[in-house]
Amino acid sequence: MRDSIVNRIVIPVVCVAVIAAGIRPGTAAATTGALAVTATNSWSATVQWTAPPQVTALRLLRNGRLLDMVPFESGGTLVYTDSLLWPSTTYAYEVVAVNGDNQVVADDSASITTPAQDRAFPTLYAATSFWNQPIAANATADPNSSAMVSASIAPYTGSANFTNSNEWGKPLAYANTVSELYGVGCTLYDCATSVSFTIPRYATPTLGADHHLTVVDPNSGRELDMFQANYNLATDTWTAGSRYVTDAGGWGAQCAWRQRCHGAVAAGFAAFGGVVRPEEIAQGHIDHALFLATPYTREIDIACPATNTDGWVSDPNALPEGAQIQLDPSFNVDAQAWPSWEKVIARALQYYGAYLGDTGGSLSLAAEPNLDRGYDGWSLAGVPNGAPSLANLPWASFRVLPLQLC
């Protein structure tokens, strides 16, 4: 649990996004107590601040929104990288530090403007991960492809949507070395395994019933995936229905090919696998496969690379979780009178496809919500909020690639 002094610093708590951080006791700074901020690239900035005498705790804010609050020692130097920033945008940072009596002893501010994006936005997981592998140019369809599309895709096209809402999206937060290390409690599945993970203060699960949250720790390269995540402010504790730790630069599922294990998403994938981000739409290309959900999923059978299923129907024509679908690569996306964001998604579905990862209430493709960003990234990318419709995608022109049942 956090130091009680930290919890008593009176500053409004609002959600923002943080990446890596570190304290370096005794490291010299040009001016004790001065705050310096440098834009690292178009999506992140490095904050550096050296604590003056008497400091016992601090809060770091961006544009008035809380990034984190941590115990801190006088003379220590904070080095903190704030991520999930938007290109060519100005951000104001503030460090408020207190002493043991909760009196403010330092309040420093600085601003930066991020540069224009000059490279592809980074993806999670290894280059060899199934999420990041393009579909072969000579790929063929599964012999039962048409029947599976007719059973699991075609009946639900009217409800098809891009799930970027705060209720049903897949949020991402970034851990850092100064944030609280929590023992994450468990209430439903795989509770015999203990899980501890560093979680920043701004991290917030989705608001719908699933309460998904992924936290990536760039320092360790690990990823915490939570289902039905809950933070209790009164007790400063985290619990989840299920919580798993995986490699953020790894395979992209909770266990290896043909093995079976649970995960925070039904198919056992790493929970942020296939999730579309606003920067990817803004740059005009998505460099990974997408995450698909549909209401009609096959029970028992699992298609690799999935490691689990919540499929529920015995129909052999229903899609099994782990199945990969592809939009017909000969379909002329450019000729369609669609908004540009839909064309970006459609091209990704031709080049990388989508993996079925969950039984959902609608036909949907997963996206990161604005929830943990502190600003409306989707509007900046030209995409409507609130799970915009994908009903006009040519769902009848999709095919299922050959299944490899595990």
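Since every read-out is calculated from the coordinates, none of them should be taken as a lab result. Predicted model, so just to flag it, every value in this text is computed and none were measured. Neighbour counts run over all protein chains shown; Cβ positions are idealised from the backbone, glycine included.
Remarks
- The strands (runs of 3 or more DSSP E) found entirely in region 266-374 that carry 3 or more residues being among the β-branched types (Val, Ile, Thr) are 297-302.
- Options Thr77, Thr46, Thr114; residue that is within 25 Å of Asp217 (Cβ to Cβ), in contact with a strand residue (DSSP E or B) (Cβ under 8 Å, 6 or more places away or on another chain), of a type in the set (S, T, N, Q) and surrounded by 19 or more Cβ atoms within 10 Å (Cβ to Cβ): Thr114
- Apart from one condition, Ala209 fits all of (1) buried (at least 19 other Cβ atoms within 10 Å of the Cβ); (2) assigned to a loop (DSSP other than H, G, I, E, B); the exception is (1).
- Complete set of residues in region 184-229 that are farther than 27 Å from Gly386 by Cα and hydrophobic (A, V, I, L, M, F, W, C): Val184, Cys186, Leu188, Cys191, Ala192, Val195, Phe197
- Subset of region 59-74 that is in a strand (DSSP E or B) and within 23 Å of the chain's Cα centre (by Cα) - its residue that is surrounded by the fewest Cβ atoms within 10 Å (Cβ to Cβ): Arg65
- When region 154-194 is filtered for residues that are assigned to a loop (DSSP other than H, G, I, E, B), touching a strand residue (DSSP E or B) at 6+ places or on another chain (Cβ under 7 Å) and under 16 Å from Ala366 (Cβ atoms), the ones remaining, listed by number, are Ala160, Asn164, Gly169, Lys170, Pro171.
- Of all residues in region 72-82, those being touching a residue at least 40 places away in the same chain (Cβ under 8 Å) and under 14 Å from Val105 (Cα atoms) number 3.
- Checklist (1) crowded, with 22+ Cβ neighbours inside 10 Å; (2) β-branched (Val, Ile, Thr); (3) on the phi > 0 side of the Ramachandran plot applied to Ile300, failing item: (1)
- Checking the stated criteria, Asn164 turns out to be in contact with a Phe, Trp or Tyr (Cβ under 7 Å, 6 or more places away or on another chain), surrounded by 23 or more Cβ atoms within 10 Å (Cβ to Cβ) and closer than 19 Å to Ala289 by Cα.
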